[in-house]
């Protein structure tokens, strides 16, 4: 069961690669608070359209009645995604990129990936041109260290299972 925060969705929408996500992770659950962020006028148009008329793989889910106490310092979208993933923690996978949100999710023992890991997996599966996707990601303003990009390139070059 995959839950996703807004930053990965926004970046993929800006990259015009939103449709790649379900090919790698399957259906993605989008909490109401994340959907609200994705409908903001400054959100990428492709994301606003997808949320307004969600594709089959994008499953809109209500926010939990209350958020975990550990998420109090986070935004509503992050708090909702983390709380929902925690409630389904035996089978959940959370896609989140914000540093504080990732730290909270990891401290709670959740299975966490960021967008770069999804792109690496897609590159290894031959679903995308990894270098082109990495360039497009950088054009969105998504922050990645050179070390992370180098590690990601090396992982794609090694390929799966090596």
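The values are calculated or read from the model by the stated rules, or taken from the named source; none is laboratory data. Worth saying up front: this structure is predicted, and the values here are computed from it rather than measured. Cβ coordinates were reconstructed from backbone atoms using ideal geometry, including for glycine residues, and neighbour counts include every protein chain displayed.
Give me a count of the residues in segment 143-162 that are in contact (Cβ under 8 Å) with a residue 12 or more places away in the chain, closer than 20 Å to residue 24 by Cα and not in a helix (DSSP H, G or I).
Counting residues in segment 143-162 that are in contact (Cβ under 8 Å) with a residue 12 or more places away in the chain, closer than 20 Å to residue 24 by Cα and not in a helix (DSSP H, G or I) gives 2.
Residue check: is residue 16 under 18 Å from residue 119 (Cβ atoms), within 16 Å of the chain's Cα centre (by Cα) and assigned to a loop (DSSP other than H, G, I, E, B)?
Yes.
Filter segment 97-123 down to residues that are farther than 25 Å from residue 158 by Cα, in contact (Cβ under 8 Å) with a residue 40 or more places away in the chain and under 15 Å from the mean Cα position of the chain (by Cα), then give me how many there are.
2
Considering each of 46, 81, 85 in turn, give the residue that is over 15 Å from the mean Cα position of the chain (by Cα), in a helix (DSSP H, G or I), surrounded by 16 or more Cβ atoms within 10 Å (Cβ to Cβ) and in the same structural domain as residue 109 (by TED's automatic domain parsing).
46
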